[in-house]
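The values are calculated or read from the model by the stated rules, or taken from the named source; none is laboratory data. Here the structure is a predicted model, which is why all the values come from computation and not from measurement. Every residue, glycine as well, gets a Cβ built from its backbone with ideal geometry; the counts of neighbours run over all protein chains shown. Quick note on the areas: whole protein, heavy atoms, side chains included, nothing else; ligands and nucleic acids left out. Shrake-Rupley method; radii C 1.70, N 1.55, O 1.52, S 1.80 Å.
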Amino acid sequence: MTTLCGHRLLIVEDEPLLRITMADALRKEGWAVDVAEDGVKGTALFEQHMHDLVLTDLVMPRMGGLDLLKRIKAVAPDTTVIIITAHGTVDRAVEAMREGAADFIAKPFSMAQLMVRLRNVCSVRLLREQNVRLQEQLEQRYSFSNIIGKSKAIQEVFELIRLVADSDASVLVLGESGTGKELVASAIHFNSPRRAKPYVRVSCASLPESLIESELFGYEKGAFTGASERRIGRFEAASGGTLFLDEIGELPLTFQVKLLRVLQERQIERLGSNRPIDVDVRIISASLRPLEEEIAAGRFREDLYFRVNTVTIHLPPLRERTEDIPLLANAFLNEFAEERGRRIDGFSDEVLAMFDAHPWPGNVRELRNVIERAVLFCRGPVVTADDLPGSLRGAASSPQRQASRLVVSMQEAVEQAEIEAIQAALAATGGRRAEAAELLGVSRKTLWEKIKHHQIAD
Ligand SMILES: Nc1ncnc2c1ncn2[C@@H]1O[C@H](COP(=O)(O)OP(=O)(O)OP(=O)(O)O)[C@@H](O)[C@H]1O
Ligand SMILES: [Mg+2]
């Protein structure tokens, strides 16, 4: 029993004979026992020792058991308190249970009966503690640095991140849009010895070609028209830390040569200067498409590929790890519901089935957006099919929602046209975004943002 409940026990009882009998019996069982004859002394002893278990009578001079219980629960809600009741105090014992007492035992009782009661209470407590610990272990096992997932694929990603984080190895993260590439890059940095140094992200796809060099390497005053001040680039800004080259496959070939040289020599030169500056950065890159394909098509340099790809981390699309969907959905639900001060308990079975069947072209980002929207729409205790966007719901929706859909149909029509134009341009250019942007007459940055916004798969 001692091993069950810890060691220190407090008896608060005004009848001297009962107090002494109980203390002796419990000491024989191996407990360290303190005794008090009323609530005031009991409180003082408790504050001093924070006992694991308290046995207290209800009716005592100065302060009774109920007040003592409330005081204990206020400072240490996990303490197990057992109430001793005499004839006529059962009502108050019930109240004590409501205040958080674990059990009560009616006088007169034998020491054997007391032991049975204690044993029961202790095993309940032990179970509860084991449960909490299990829950914590589960939460830890299924999440790592904000990345959530229990699928084998994600568990392997956790393992790889742990392995590479300690080293300076260049890591290439591959995966469709919204699979968590950026999350993985930051997880590597924040679990690495460089965590206290800067983590700098560069979106290679949204930088206009003419600005890539000055952004990455910086420039001296007067390097070009408009360079009125010296500016350090992202490489220098990331000094000692990690530089994340997002969408590295979108870098123009001419710049790829320069980047390769920098990575080999570990030195940069600001534009307008030929003084080399040492840079110590760890490189993480990401790409939507496998770079091998880009190499085969002559759009990516093989030598640069080998430089940035000491280790590859593949993030599988969400539809290939459907067991992660409920876990992710619940995590996002808690996050957004809390943000809005709402209480939503979960999802209807129908919704979970729809989640399972949906192909999720926008992967985890799409799921996250769907949940954010559902929290706005949801009025009941759980998210239902009516709270989901049309892309998931298909034709089934309530008449009111259908009516409200007519009101926004203009905007939706424009968006639909935009999506179709982008899809056509991507198809015509074999998925090359720079060319598609040109075809559409928008900047690469705009196209990039639209693709993300509409969750268009390449
Ligand atoms: N396993 C995951 N657990 C929790 N959140 C995730 C997970 N994967 C992705 N997310 C969330 O989904 C969103 C998209 O993730 P992220 O930006 O890392 O994707 P990405 O692969 O970089 O996408 P893109 O290629 O479009 O840039 C973010 O809000 C991110 O926090
Ligand atoms: Mg990203």
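Every residue, every condition in (1) within 16 Å of ligand 2 (Cβ to nearest atom); (2) open to solvent by less than 10 Å² (accessible area, probe 1.4 Å); (3) more than 30 Å from SER192 (Cβ to Cβ); (4) modelled with pLDDT of 95 or more, yes or no:
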| site | (1), (2), (3), (4) |
| --- | --- |
| GLU209 | no, no, yes, no |
| SER214 | no, no, no, no |
| LYS221 | no, no, yes, no |
| PHE224 | no, no, yes, no |
| GLU229 | no, no, yes, no |
| ALA237 | no, no, no, yes |
| PHE244 | yes, yes, no, yes |
TODO: Kindly indicate whether any position in the stretch 173-190 is away from ligand 2 (no atom under 16 Å from the Cβ) and surrounded by 17 or more Cβ atoms within 10 Å (Cβ to Cβ).
DONE: no
- [ ] Go through the stretch 68-89 and give me each residue that's over 41 Å from the mean Cα position of the chain (by Cα) and surrounded by 13 or more Cβ atoms within 10 Å (Cβ to Cβ).
- [x] ILE83, ILE84, THR85, ALA86, THR89
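Every residue, every condition in (1) assigned to a helix (DSSP H, G or I); (2) at pLDDT below 90; (3) farther than 23 Å from ILE148 by Cβ, yes or no:
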| site | (1), (2), (3) |
| --- | --- |
| ASP356 | yes, no, no |
| VAL364 | yes, no, no |
| SER397 | no, yes, yes |
| ILE422 | yes, no, yes |
| ALA434 | yes, yes, yes |
| GLU449 | yes, yes, yes |
| LYS452 | yes, yes, no |
TODO: Considering (1) open to solvent by 40 Å² or more (accessible area, probe 1.4 Å); (2) away from ligand 2 (no atom under 16 Å from the Cβ); (3) under 29 Å from the mean Cα position of the chain (by Cα), say which one SER170 fails and leave the rest.
DONE: (1)
TODO: Can you run down the residue pairs with Cβ atoms below 7 Å, 6 or more apart or on separate chains, where the first is in the stretch 6-22 and buried (at least 16 other Cβ atoms within 10 Å of the Cβ) and the partner is of a type in the set (Phe, Trp, Tyr)?
DONE: LEU9/TRP31; LEU10/PHE46
Task: Residues (more than 9 Å from ligand 1 (Cβ to nearest atom), touching a residue at least 60 places away in the same chain (Cβ under 8 Å) and of a type in the set (Asp, Glu)) located in the stretch 160-182 - done: ASP168
TODO: State which residue pairs qualify: first residue farther than 14 Å from GLY39 by Cβ and assigned to a strand (DSSP E or B) and inside the stretch 81-97, second residue open to solvent by less than 70 Å² (accessible area, probe 1.4 Å) and of a type in the set (Gly, Ala, Ser) in any location, beta carbons under 7 Å apart, and separation of 6 or more residues or different chains.
DONE: ILE82/ALA101; ILE82/ALA102; THR85/ALA93; THR85/ALA106
